[in-house]
Amino acid sequence: MTAAESDPDVGLAATGVSRSLGGGLVLDGVSVAPADGSTVGVLGPNGSGKSTLLRVLAGVLKPSAGRVTVDGQDLSDVARRTLAQRVAVVEQHSDTQIPLTVRDVVGLGRVPHRRAWLASSATDEAAIHEALEQTGMTTKASQRWQTLSGGERQRVQIARALAQRPRELLLDEPTNHLDVQHQFELLDLLSSLPVTSVIALHDLNLAAMYCDEIVLLDQGAVVAAGSSADVLTEDLILQVYNVKAEVTTSPEGHPHVRFLRN
Ligand SMILES: Nc1ncnc2c1ncn2[C@@H]1O[C@H](COP(=O)(O)OP(=O)(O)OP(=O)(O)O)[C@@H](O)[C@H]1O
Ligand SMILES: [Mg+2]
């Protein structure tokens, strides 16, 4: 799927979104309309607005200007429960003081689908089971969340989001604690699922390998958006990251970025 096929009236979309925080403009007229089922990478230096954009898309933060819509409907007009049933979020940092097992945490993904007074259904159980399998966390299901390693915690948060069976999945640096095998496994999994994924990433080569579209942010504004070949150019990398790079084409046809030290 390509950026050209994206339509702001289908799925989750931001149109001309601005947002101020602490007196400064953190997002400045950002538009993103992921094509249905595609994987969109949000790149940019620290502080460029990636997490803020994901939080605005999730409805956690309201835009000060512009619109966020699901299927063309303003997010503020969509019931919270409806939104929670279709949009799942994996935050950059997550923690809990409550003593929960891995299975309990993954089960939280089913809460938006359940009536408070009903016990979990066979569908809930199947979704939890599948999400644990997909993230390789089945053998840790009974372990306490607090005793997991950093990468395992991250995989459990991803499992919780998958158990939600969302249509849109917003992930903030989901690979930052993962070893190289699990980075590939996660991105392979996201590409294979019929889910629209918006992923904040720092690894330009992972983005090039897995993203259908890349949105490059700098100081809250979109500097470039499109295919990895359009966005991951030597000029744009120098402009945005202030680092010289050599970009070649991998045997698979993706841009490959090699950073050059002076
Ligand atoms: N509540 C707040 N008050 C003031 N400034 C804020 C607030 N929240 C975020 N910011 C600022 O907004 C900017 C964008 O933050 P954001 O977390 O979106 O960046 P990011 O691109 O996700 O960065 P990183 O790569 O470090 O995760 C930063 O300069 C940050 O300091
Ligand atoms: Mg961030």
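Can you find even one residue in the range 65-72 that is among the hydroxyl-bearing types (Ser, Thr, Tyr), crowded, with 16+ Cβ neighbours inside 10 Å, touching a residue at least 60 places away in the same chain (Cβ under 8 Å) and part of a loop (DSSP other than H, G, I, E, B)? Working first, answer last.
At the first step, the residues of the range 65-72 found to be among the hydroxyl-bearing types (Ser, Thr, Tyr) are 69.
Narrowing further to those that are crowded, with 16+ Cβ neighbours inside 10 Å: 69.
Next, from what is left, pick out any that are touching a residue at least 60 places away in the same chain (Cβ under 8 Å): 69.
Imposing the further condition that a residue be part of a loop (DSSP other than H, G, I, E, B) reduces the set to none.
No, because not a single residue in the range 65-72 is among the hydroxyl-bearing types (Ser, Thr, Tyr), crowded, with 16+ Cβ neighbours inside 10 Å, touching a residue at least 60 places away in the same chain (Cβ under 8 Å) and part of a loop (DSSP other than H, G, I, E, B).
With the structure loaded, tell me whether SER6 is crowded, with 20+ Cβ neighbours inside 10 Å, at pLDDT below 95 and over 19 Å from GLU173 (Cβ atoms) or whether it fails that test.
Numbers: crowded, with 20+ Cβ neighbours inside 10 Å: yes; at pLDDT below 95: yes; over 19 Å from GLU173 (Cβ atoms): yes.
Spelling it out, SER6 is indeed crowded, with 20+ Cβ neighbours inside 10 Å, at pLDDT below 95 and over 19 Å from GLU173 (Cβ atoms).
Criterion first (among the charged types (D, E, K, R), away from ligand 2 (no atom under 16 Å from the Cβ), within 30 Å of ASP218 (Cα to Cα) and within 16 Å of the chain's Cα centre (by Cα)) does ASP28 satisfy it? Can you show your working first?
Working: among the charged types (D, E, K, R): yes; away from ligand 2 (no atom under 16 Å from the Cβ): yes; within 30 Å of ASP218 (Cα to Cα): yes; within 16 Å of the chain's Cα centre (by Cα): no.
So ASP28 does not fit the description; no.
Restricting to the range 57-72, name every residue that is closer than 16 Å to ALA88 by Cβ and within 13 Å of ligand 1 (Cβ to nearest atom).
Across the range 57-72, the qualifying residues are LEU57, ALA58, VAL60.
For the range 128-234, which fully contained strands (runs of 3 or more DSSP E) count at least 1 residues that are within 21 Å of HIS93 (Cα to Cα), out of contact with any Ser or Thr (no Cβ under 6 Å at 6 or more places or on another chain) and touching a residue at least 60 places away in the same chain (Cβ under 8 Å)? Steps first, answer last, please.
Details: elements: 168-172, 196-200, 213-218, 221-226.
By residue number, 168-172, 196-200.
If you go through the range 22-41 one residue at a time, do you hit one that is among the charged types (D, E, K, R) and either within 16 Å of ligand 1 (Cβ to nearest atom) or farther than 14 Å from GLU168 by Cα (or both)?
Applying the first criterion (among the charged types (D, E, K, R)) to the range 22-41 yields 28, 36.
Restricting the remaining residues to those that are either within 16 Å of ligand 1 (Cβ to nearest atom) or farther than 14 Å from GLU168 by Cα (or both) gives 28.
Checked the range 22-41: at least one residue is among the charged types (D, E, K, R) and either within 16 Å of ligand 1 (Cβ to nearest atom) or farther than 14 Å from GLU168 by Cα (or both).
Tell me yes or no: at least one residue of the range 213-231 is among the hydroxyl-bearing types (Ser, Thr, Tyr) and within 17 Å of HIS256 (Cα to Cα). Walk me through how you get there before you give the answer.
Residues of the range 213-231 among the hydroxyl-bearing types (Ser, Thr, Tyr): 227-228.
In the following step, the residues that additionally are within 17 Å of HIS256 (Cα to Cα) were identified as 227-228.
Yes, the range 213-231 has at least one match.
The values are calculated or read from the model by the stated rules, or taken from the named source; none is laboratory data. Please read all numbers here as calculations on a predicted model, not as lab measurements. We place every Cβ from the backbone using ideal geometry, glycine too, and count neighbours over all the protein chains shown.
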